[in-house]
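> Sharing a structure, written as structure tokens. Questions coming.
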Amino acid sequence: LVPDPRFLAAVFERQAGHKWMETFDFSGEYETLSRLEADRVHDLLDIGAGNGDLLRACNTHCASGRLSALDVVPHPGVTRWITGEFIAGFLDDTLLEWSHEPYRVVTLFDVLEHVYQPQLAFLNLRALVRNGGYVLIETGDAQSAWPRRYGLAQWWYVRLFEHHLFWTRAALEFSARRHGFELCSFDLVRHKTRRRLRPVRATLDAMQVALY
């Protein structure tokens, strides 16, 4: 059983300002974007922008341009870094209200595990990105070491109640190609919450995973 979209949206609205407000260093992600798009990272839409840390990283390097966000609610702090538009809603909404001016780069860090209609999500993605542009996706890999060894039901990523759709490389490639995207690269990386863990935080994180 998974929570229905209306229930989950109400939870997100009540938790605005609390959930997804952790600070992350997206400098590595910005470097990846720069390698793809050189000086054109200033035309970017971040889906699931949270408190705007990725937009902040882009804004720090590109003082001008269009930096936009799509999220269920505008979390505190995000509007400070938006120079384009804020799109309210879910990626798999039937009718998204936005400028209809596609972006050079669209990013989705920890978003696809939340959607209910993946093919509609990819259909919207295709409209949001320009021809020749890039979409960067990061999501849990259901064929990574933990679920392979202990089973999908024991994976900490599955135990978060707002996560209810889990991807493999084959599933991502299928959905991408079905909607006219070409796969440029595929990398296995640690989750952003675990990339730069210090010893104390690593211990607390291990305890949290065990509790999940």
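> For a quick protection proxy, order the peptides 154-166, 175-187 by their average other-Cβ count within 10 Å, most packed first. Display every interim value, and only then the final one.
Working: 154-166: 16.1, 175-187: 11.8.
Top to bottom by mean Cβ count within 10 Å: 154-166, 175-187.
> Return the label of the correct value of Kirkwood radius over Cα pairs in Å, as calculated from the structure shown, out of (i) 18.6; (ii) 20.8; (iii) 18.0.
Only one listed value fits the structure, namely (iii).
> Of the heavy-atom accessible surface of region 134-178 (probe 1.4 angstrom), what whole percent is carbon and sulfur?
53
> Still on this structure, please answer the following. As a check on your grasp of the helix formula, calculate [θ] at 222 nm for the chain: sum -39500 (n - 2.57) over DSSP H runs of n ≥ 4, divide by the residue count, round to the nearest 500.
Helices in the chain give a 222 nm mean residue ellipticity of -9500 deg cm²/dmol.
> Moving on to the next point. With 17 Å as the cut-off, how large is the P(r) tail for region 42-120, expressed as percent of Cα-Cα pairs?
Value for region 42-120: 40 percent of Cα pairs lie more than 17 Å apart.
> Now, a different point. Accessible area per residue of the chain at 1.4 Å probe, in Å²?
56
> Put Arg6, Arg190 in order of accessible area, largest first, 1.4 Å probe: what do you get?
So, going from the largest accessible area down, we get Arg6, Arg190.
The values are calculated or read from the model by the stated rules, or taken from the named source; none is laboratory data. In this text the structure is predicted, and so the values were computed from the model without any measurement. Using ideal geometry, Cβ is built from the backbone for each residue, glycine included, and neighbour counts are taken over all protein chains shown. Only protein heavy atoms, including side chains, enter the accessible area calculation; ligands, DNA and RNA are left aside. Shrake-Rupley method; radii C 1.70, N 1.55, O 1.52, S 1.80 Å.
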